[in-house]
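A short worksheet on the structure shown next.
The values are calculated or read from the model by the stated rules, or taken from the named source; none is laboratory data. Treat the numbers as computed from the prediction; the structure is a model and nothing was measured. Note that each Cβ is placed from the backbone with ideal geometry, even for glycine, and that neighbours are counted across all protein chains shown.
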């Protein structure tokens, strides 16, 4: 039996493992980097052991450090979670050699399945259908193709190539990215399946010869080859196809001698043909979807198998009950090609209703940096029907308060409510073709009411800290005074607020050109922040939550959250980037500078390549011109908004043309998430 379990991971998956282990009477040991010292998973555990260092390479990706931490804590077992070293045969061997019980498949299986080419060969030998594969110099290559890393997955080291001239550059970038993420630059080419569905089958196997599959998860909603919405059952599968894919997954698992929990991933074409992609020798981010519809705790099964016990379920006992959908909340900007974002979480409050499963690794005050995964949480709904599951998940996401860092929340809500999603049209090109807005389009009245609420909250905060006349009602005047004013900006547009109060407590707000008559005004504490209650034009009571954290203020109503920039009354002059400047759209490390001062560039020319969260982003010129200054070098760490390159004498349509901006291309994936 396992008495004390060390967890070689962080964030929400560490908390998830702790929850099940604790319910089984197992003590837990959290590992943490210096960056994570105050993280929730450290607090949730019975013991915590420090991994010296900050970044992933020094801590969660350091085999010796992880095994040493487990031994220092006197743990008798090690669970790798997902991401980081979860599919690393070296860690499994080192843990077993140190006398620890390894929670996962055998090292040999991990190594074999970690090599995508070896995995394809093993599956083909077992009769599992596989896609054609080529090497870079094979003249028989059929375009379009995917360049894929042989040693990893999850979007790292992956490029879509549509013509042969694009191939050398794509292979070079993918190999460099794969080497940085997995320590192996080997890549291969595979046929690209257009308008495919990504279907994966959850499997379990024990040391007593028992194998079961727990049906499918559809994971087709992706950006940059990384999943953002997963569900079970898939709308594309009938009973016959479901059975065929489950049988194929088990056939492959038996052929390689699988042990524990794993996932066999397939790509499904419109005509019903399916092809093997890879085996993930770990638990998946989206495993709660399977747990919801089957009632099986997959982490519990992992721990039972590791302890030498048989599975607690048989194939004939398993069935799909209802429908489950998971959405991944990321710190990223959908409007900026879903690039990762950083910041401090100012508010992380989830609604009590609808009743959803929230699994998060952050809380109010958490710092979201560049070192690790930008996933903030995953949210799971389970309902009798797909429609109900989608609607409840969208409603719960819209009601949550997620402030301080840019997230993909509004995009997720729009996607879940879109016609394409609700009719089950969820192929892998959904993000590009479904027309889902990247940002919530608030109406003029919504912005006006939000600005009014922000002004009321700010006014209340000033009165509550006043040194004199604190108890005098807000808005009281002993003479005729000009209206009060406040200024904000919403997505670059000025929002000017002018307001005055009547003797009955009602207020008149003029926001830009819109006049609002407010009555029943009330402001009360709602930690964190304030709750503002108003009636707008006698049109019923509205409750808005306001959180001010200069230079931002967030206002949430029934329609969702609106973020406003506070415009100070007396602004301080600041520096501006020169015309034609290229700024970094994200924090990261400069991998390559492709131009020098004096070079003539065209729009679309590569200027700088930045690595953020183990993925490369190519930044290109937005306009034509001559490079005036290059302000960074390879290896430099840069912040979001930092000036990188100045392009002078740009060819523009007129004197008022906008400042040039970095245009990122390529893939992006957070370390530790797939």
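Points to keep in mind about this one:
- Residues that are more than 26 Å from residue 89 (Cα to Cα) and touching a strand residue (DSSP E or B) at 6+ places or on another chain (Cβ under 8 Å) within segment 270-289 comprise 274, 289, listed in sequence order.
- Residue match in segment 236-253 (condition: part of a strand (DSSP E or B) and at pLDDT 95 or above): no
- Residues of segment 230-263 classified as over 30 Å from residue 102 (Cα atoms) and touching a helix residue (DSSP H, G or I) at 6+ places or on another chain (Cβ under 9 Å), total: 4
- Taken across segment 224-243, residues that are without any contact (Cβ under 8 Å) to a residue 24 or more places away in the chain, within 30 Å of residue 308 (Cα to Cα) and surrounded by fewer than 22 Cβ atoms within 10 Å (Cβ to Cβ) do occur, with at least one present.
- Members of segment 358-376 found to be under 15 Å from residue 332 (Cα atoms) and outside any loop (DSSP other than H, G, I, E, B), listed by number: 367, 368, 375, 376
- Residue check for residue 119: under 29 Å from the mean Cα position of the chain (by Cα), over 26 Å from residue 287 (Cα atoms), surrounded by 22 or more Cβ atoms within 10 Å (Cβ to Cβ) and not assigned by TED's automatic domain parsing to the domain that holds residue 256: no
- Restricting segment 630-646 to residues that are crowded, with 16+ Cβ neighbours inside 10 Å and not in a loop (DSSP other than H, G, I, E, B), the residue that is modelled with the lowest pLDDT: 638
- In segment 154-174, the condition of being part of a strand (DSSP E or B), assigned by TED's automatic domain parsing to the domain that holds residue 140, surrounded by fewer than 17 Cβ atoms within 10 Å (Cβ to Cβ) and within 27 Å of the chain's Cα centre (by Cα) is met by at least one residue.
- Of all residues in segment 80-108, those being crowded, with 24+ Cβ neighbours inside 10 Å and part of a helix (DSSP H, G or I) number 3.
- Segment 509-533, residues that are within 34 Å of the chain's Cα centre (by Cα) and outside any strand (DSSP E or B): 526, 527, 528, 529
- When residues of segment 296-328 are limited to those that are over 24 Å from residue 424 (Cα atoms) and free of Cβ contacts under 8 Å to residues at least 60 places away in the same chain, the one surrounded by the fewest Cβ atoms within 10 Å (Cβ to Cβ): 316
- Enumeration of residues in segment 216-235 that are more than 12 Å from the chain's Cα centre (by Cα) and modelled with pLDDT of 95 or more: 216, 217, 218, 219, 220, 221, 230, 231, 232, 233, 234, 235
- Residue within segment 335-352 that is touching a strand residue (DSSP E or B) at 6+ places or on another chain (Cβ under 9 Å), assigned to a helix (DSSP H, G or I) and modelled with pLDDT under 95 present: yes
- Residue in segment 333-352 that is farther than 29 Å from residue 551 by Cα and touching a residue at least 40 places away in the same chain (Cβ under 8 Å) present: no
- Residue satisfying all of: in segment 1-20; at pLDDT 95 or above and part of a loop (DSSP other than H, G, I, E, B); farthest from residue 310 (Cα to Cα) among these: 10
- Selection status of residue 609, at pLDDT 85 or above and more than 22 Å from residue 342 (Cβ to Cβ): no
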